[in-house]
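The values are calculated or read from the model by the stated rules, or taken from the named source; none is laboratory data. From a predicted model like this one, the values you see are computed outputs, not experimental measurements. Every residue, glycine as well, gets a Cβ built from its backbone with ideal geometry; the counts of neighbours run over all protein chains shown.
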């Protein structure tokens, strides 16, 4: 039984042997290693049996050595099915074109959906940017960046987006966005004081409402009242002027800016030597069909004109309806790169460190703060790196609103 397993896959033929003592032909075939099964006596001088398609040459060889007639009655198995299929050229052509059409339709974008509770103007911005990236109905999937890169581009190009998720579901691209809500300091409504948020020395004061509680060059600690929202007490009537308990207190929302000199201690490390890669902008693209670990080039042959190459590859699976086939389209980008080496003296490293520390601190404090001076408290050279410990002085607004509650 094991000898005839898989015979339908490889194909087999039912033969009829005609001649004197046809069983001798069957026996000779078996002796030569030919597998024959379902042997049946058809007449006094004929018998039939099934023979594998691969044994037909041996059967013909035996027939030439013996005086027998061989007739092929039935042909069964996949080889004969395929043979009959491919003889129908019109059907084969239609079948191949249908498969190609399905593959084509499965690998283009049919729909782009933008979900999430977003204002209409942001949705329009997202749609405009997607069109600029080449993402729209009818676009070829292989020409589109991967979802992670699209997410990064959208958040960079649309400041109003806090987060956006991009997901490819079949031939549909689904985007879900979250609007960025600018978190501002809670505005204190009603009567309030202005208090210090940091310790510092008062340099300038601009008070439009309220009573100043500090003067220029005063040193203040966090929580110190800078501008009071309580005005001088005003008597309700001349008779009540003599009785302070009957006077009515007036409170207002204090407003103003209190610019103080504050200070920060910052440490920074700068290497004396640096190596980095610089892309020149020259690039070439190559495309491959990938099957497991094998890549077959289909576009972009030859080597690039530049020597130092930075490789970046994007793999996109070919889809058939909703399934991913084990075949990928691989886009390889070859970019020219230059290896740069940069060396500086200790003095240059110190200046670079001071600049870097000031820029980082400015980012933390915001554009309204002004760095007025810096001083190197300590510097050292270790393992080819300069370490700096800096004292930086800043002028900034340290006032913060604080509500006036009953009983204050």
Could you list all residues from the stretch 310-348 that are surrounded by 15 or more Cβ atoms within 10 Å (Cβ to Cβ), more than 22 Å from residue 143 (Cβ to Cβ) and out of contact with any helix residue (DSSP H, G or I) (no Cβ under 9 Å at 6 or more places or on another chain)?
336, 337
Filtering the stretch 27-54 for residues that are surrounded by fewer than 13 Cβ atoms within 10 Å (Cβ to Cβ) and under 60 Å from the mean Cα position of the chain (by Cα) leaves a count of 0
Can you find even one residue in the stretch 133-154 that is over 24 Å from residue 106 (Cα atoms), outside the structural domain of residue 332 (by TED's automatic domain parsing), in contact with a strand residue (DSSP E or B) (Cβ under 7 Å, 6 or more places away or on another chain) and not in a helix (DSSP H, G or I)?
no
Within the stretch 59-70, tally of residues that are within 13 Å of residue 15 (Cα to Cα) and either surrounded by 12 or more Cβ atoms within 10 Å (Cβ to Cβ) or touching a residue at least 60 places away in the same chain (Cβ under 8 Å) (or both)
5
Residue check: is residue 282 surrounded by 11 or more Cβ atoms within 10 Å (Cβ to Cβ) and either assigned to a strand (DSSP E or B) or touching a helix residue (DSSP H, G or I) at 6+ places or on another chain (Cβ under 8 Å) (or both)?
yes
